[in-house]
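Step one of this worksheet: look at the structure below.
The values are calculated or read from the model by the stated rules, or taken from the named source; none is laboratory data. Remember, predicted model here, so these are calculated numbers, not experimental data. Cβ placement follows ideal geometry from the backbone for every residue including glycine, while neighbour counts extend to all protein chains displayed. Protein only, heavy atoms only, side chains kept; ligands, DNA and RNA dropped before computing areas. Shrake-Rupley method; radii C 1.70, N 1.55, O 1.52, S 1.80 Å.
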Amino acid sequence: MNNTSKKNDKNIKASAFYMVGNLFNKALAFFTIPIFTRLLTTSEYGIAQTYLSWVSILTLIVGLSLGNSIRTAYVDFHDDIEGYMSSIFGLSLLSFLVSSALIIAGMFIFGNIDIILVICCLIQSYFQFVATAMTTKYMMKVDYIRKTLLLALPNLTIQVIAIFTIMNMHGDKKYFGYIIPYAAVYMVVGIYFVISSFIRGKKPLNKLYWKYALTYSLPLIFHGLSLVLLSSSDRIMITNLYNSSEAGVYSLIYNLSMVAMAVTASLEAVWVPWFTRKLLTGEKSTINKNITKYLEIALVVMLCLMFVAPEIVKIMATKQYYSGIYMIPPLVFASYEMYMYTVYVNVEYYYKSTKYIAFNTIVAAITNIVLNFIFVPLYGGMAACFTTVISYMVSFLMHSKHSRKLDRELFPLKQFAVPTLIFIIAIIIAYLLMEFWIVRWIIAIVGFIFYAAYALLTKRFSNFLK
């Protein structure tokens, strides 16, 4: 077997493994929804989801967004990637200790927040950063087995422990039974990776690597924070501007709407290293040829999800959550917008234009927050859905504009116009047929079968992977 065939075979295996791992994670989250929505009140569920939003924010602060530098470091320091990993873990550990001391001190001076929540949040934030950094490393190595295991095993363990702890808790703070397993499992996994990285890499205090990582990653802290605010500020603001029960409903629908990201994350995990290799060798026409298929696969999956999701909500959750079914179409569309703009962000990563990545995402996040302040107090979670759509569209347009300045030969904007138009038409149809579930399901099933048959007959999907 020649080298090209070996690479093709490895790409297909990697895609399959990533798909299994991501689908397992999403399926696990999906099938535990009816358990947690029955074990917790909408308020408790909302608090737990808001906590996870704060974890996403603190992960970027305590980890200094250093994991984002692994993509380029894998190219620039390929022969010493273990040394580089040990150095960013050494720097991030120092940042974690300093940040934790400042946050805890500030909590005692200015706030009246539960100390257990704060400690859990800090611990989970740092060690979740460690786990994410390792998955990035495995992605660039196309080490699909370890990446898939790291995606699936901690999550499975967390869900099992959380169900057990919540069932054995009493009182009005059962959300701790959901939160503590997250912090504990990530701490165990993270400690293992930090220690093993120090042993293998032996360079936790390498100033050259620290300077490289900070130069690349510091602007991305603002990008990451803005990205988290785009995806998580809605829940925080609904909790504070409306009520925690509405935040619980929104969180459930948001998580369901992101189920299709199992597919998109699997595709992206193969796309990024392939895109990097092709750009290094100047094969831009090949990249442009495949981006249409890359967008098309996600489009089909997300449209099918949007048409069947209302009934899934009714099966998986109690009547308290049924009001959220009208949030589904805009939130699924928002997840597709997110998928589209990462195509342009990957170009910006390649050209190390991290300041512009940060600036563009900050503008989108500010747009989201301002719109939420105006409309969430009036219309609750439904308003947050459409402010999210507008904000992601702002992000897409800004990233596309800057990416085209960096490289005008990549990704003409017209390649994104057709799938966007199709999605908007589908949203209108979904709302018109909201009360006619049989028609929606027939459209989704027949449409998927038609596309699958077309893809098999034309070998469209297999050719794309190769």
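General remarks:
- In this label model, LEU156 and LEU378 are separated by 4.9 nm, measuring between points 7 Å along each Cα→Cβ vector.
- For SER257, solvent-accessible area (1.4 Å; no DNA, RNA or ligand), Å²: 0 Å²
- Given 15 as the ceiling on other Cβ atoms within 10 Å, longest exposed-site-free region of the chain for GluC sites (Glu not before Pro) in DSSP loops: 1-282
- Around MET134: net Lys/Arg minus Asp/Glu count, Cβ-Cβ under 9 Å: +3
- Taking THR276, THR215 and ordering them by how much accessible surface each has at a 1.4 Å probe, largest first, produces THR215, THR276.
- Shown is the FRET efficiency for TYR454 and ALA101, computed with R0 = 45 Å from the Cβ-Cβ distance and rounded to the nearest 0.05: 0.20.
- Top positive-direction residue, dipole computed over the stretch 266-336 with Cβ charges, set MET306, PHE275, ILE291: PHE275
- Fully extending the segment from LEU205 to THR286 would add 25.1 nm, taking 0.36 nm per residue of separation and subtracting the current Cα-Cα distance.
- Size descriptor for the chain, Kirkwood hydrodynamic radius: 23.0 Å (Cα pairs only, one decimal).
- In the chain, the portion of solvent-accessible area held by carbon and sulfur atoms comes to 71 percent [1.4 Å probe, whole percent, DNA, RNA and ligands not counted].
- Estimated FRET transfer efficiency when R0 is 22 angstrom, pair ASP407-LEU218 (beta carbons, to 0.05): 0.40
- Between LYS319 and VAL75, the modelled label-to-label distance comes to 5.7 nm, taking each label 7 Å out from Cα in the direction of the beta carbon.
- Environment charge at ALA213 (Cβ cut-off 15 Å; Lys +1, Arg +1, Asp -1, Glu -1): +3
- Across the chain, C-alpha contacts under 8 Å between residues 6 or more apart give a mean separation that, scaled by the residue count, equals a relative contact order of 23 percent.
- On a per residue basis, the stretch 324-435 carries 41 Å² of accessible surface, using protein heavy atoms and a 1.4 Å probe.
- Rounded if a/c under 1.5, otherwise prolate or oblate - the stretch 297-455, Cα gyration tensor axes: oblate
- Proximity of backbone amide H atoms, modeled 1.01 Å from N, is registered between LEU433 and no other residue at under 5 Å, excluding neighbours fewer than 5 places apart on the same chain.
- Temperature 4 °C, viscosity 1.567 mPa s: under these conditions the Stokes-Einstein estimate for the stretch 47-160, based on its Kirkwood radius over C-alpha pairs, is 84 µm² per second.
- Evaluated with a Cβ-only charge set (Lys, Arg +1; Asp, Glu -1), the chain carries a dipole of roughly 1320 debye about its Cα centre, given to the nearest 20.
- Loop chymotrypsin sites (Phe, Trp or Tyr not before Pro), the stretch 264-306 (other Cβ atoms within 10 Å of the site Cβ: 16 or fewer; DSSP): none
- Loop-resident sites, the stretch 386-466, for chymotrypsin sites (Phe, Trp or Tyr not before Pro), counting at most 14 other Cβ within 10 Å (DSSP): PHE436
- Contour minus Cα-Cα distance for SER196 and ILE312 (0.36 nm per residue): 37.5 nm
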